[in-house]
Amino acid sequence: MEKCPKCNSKLRKVKVKIQDADEPVDSYQCTKCDYFEFDNKSMSKAVRNIKVKETPLQIKQKVIKLSKDRLGMYFNRDIARSLELKAGNDVYVSVPDKEHILIRVES
């Protein structure tokens, strides 16, 4: 696009920094009025980049002793609510390495 759809003036290409995106996004801005638009290709790339950086919910919790040879952990209310966990639900626990525990909720 070379002309502003509002006032028919020339558009100039400007690099715009988007929060949390690694690279600036191309924006086309009118030299006369307040019209602007973003380049779809560079904006889509920035959105994908930002989504990759999003982290899932993380809550620090303590492991507790349940009995002689058993340890346990309570599920925070927000986690239980977001996963719709109820007492008696089955979950599957995996240990992929020495730093991670994976819990899958049976649906």
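Quick one: compute the contact order of the stretch 10-52, relative version, from alpha carbon pairs under 8 angstrom and 6+ residues apart, as a percent. Please report the intermediate quantities before stating the final value.
Details: 62 pairs, mean separation 14.9, N = 43.
35 percent.
Rounded, prolate or oblate: which fits the stretch 64-105, taking a ≥ b ≥ c as square roots of the Cα gyration tensor eigenvalues, rounded meaning a/c under 1.5, else prolate when a/b beats b/c?
Working: a/c = 1.88, a/b = 1.22, b/c = 1.54.
In terms of gyration-tensor shape, oblate.
Relative contact order for the chain using alpha-carbon pairs under 8 Å, separation at least 6, rounded to a whole percent? Write out the running numbers ahead of the final one.
Details: 117 pairs, mean separation 13.9, N = 107.
Computed value for the chain: 13 percent relative contact order.
Using only Cα atoms, locate the centre of the stretch 1-66 and the centre of the stretch 76-107, then give the distance between them in Å, rounded to an integer.
34 Å
Output the pairs from Lys3/Lys53; Lys53/Lys86; Lys13/Lys45; Lys17/Lys41; Lys65/Lys98; Lys3/Lys51 with a Cα-Cα distance over 26 Å in this structure; if there are none, say none. Don't jump to the answer; show the numbers that get you there.
On the way: Lys3/Lys53 35 Å; Lys53/Lys86 31 Å; Lys13/Lys45 17 Å; Lys17/Lys41 15 Å; Lys65/Lys98 20 Å; Lys3/Lys51 32 Å.
Beyond 26 Å between Cα atoms: Lys3/Lys53; Lys53/Lys86; Lys3/Lys51.
Take the Cα coordinates of the chain, assign each an equal point scatterer, and use the Debye formula without solvent to give log10 I(q)/I(0) at q = 0.12, 0.14, 0.22 Å⁻¹.
-0.66, -0.74, -1.20
Can you tell me what share of the DSSP beta bridges in the chain is antiparallel? A percent to the nearest 5 is fine.
Working: 18 of 18 bridges.
Among the beta bridges of the chain, antiparallel pairing accounts for roughly 100 percent.
Mean-square fluctuation check for the chain, GNM, Cα pairs under 10 Å: which of Lys45, Lys60, Lys17 is largest?
In this elastic network of the chain, the residue with the biggest mean-square fluctuation among Lys45, Lys60, Lys17 is Lys60.
Chymotrypsin sites (Phe, Trp or Tyr not before Pro) within the stretch 41-94: which are DSSP loop residues with at most 16 other Cβ atoms inside 10 Å?
Within the stretch 41-94, the qualifying chymotrypsin sites (Phe, Trp or Tyr not before Pro) (loop, at most 16 other Cβ atoms within 10 Å) are Tyr74, Phe75.
For Lys15, which aspartates and glutamates qualify as cross-link partners when the Cα separation must be under 15 Å and same-chain residues fewer than eight apart are set aside?
Straight-line reach from Lys15, under 15 Å: Glu23, Asp26, Glu37, Asp39.
Where in the stretch 41-60 is the amide nitrogen less than 17 Å from a point lying 7 Å along the Cα-to-Cβ axis of Glu23?
Backbone N within reach: 41-53.
The numbers here are math on the coordinates, done by the rules we state, and not lab data. Predicted, not measured: the structure shown is a model, and the values here were computed from it. When we count neighbours, we look across all protein chains shown, and the Cβ atoms used for this are built from the backbone with ideal geometry, even at glycine.
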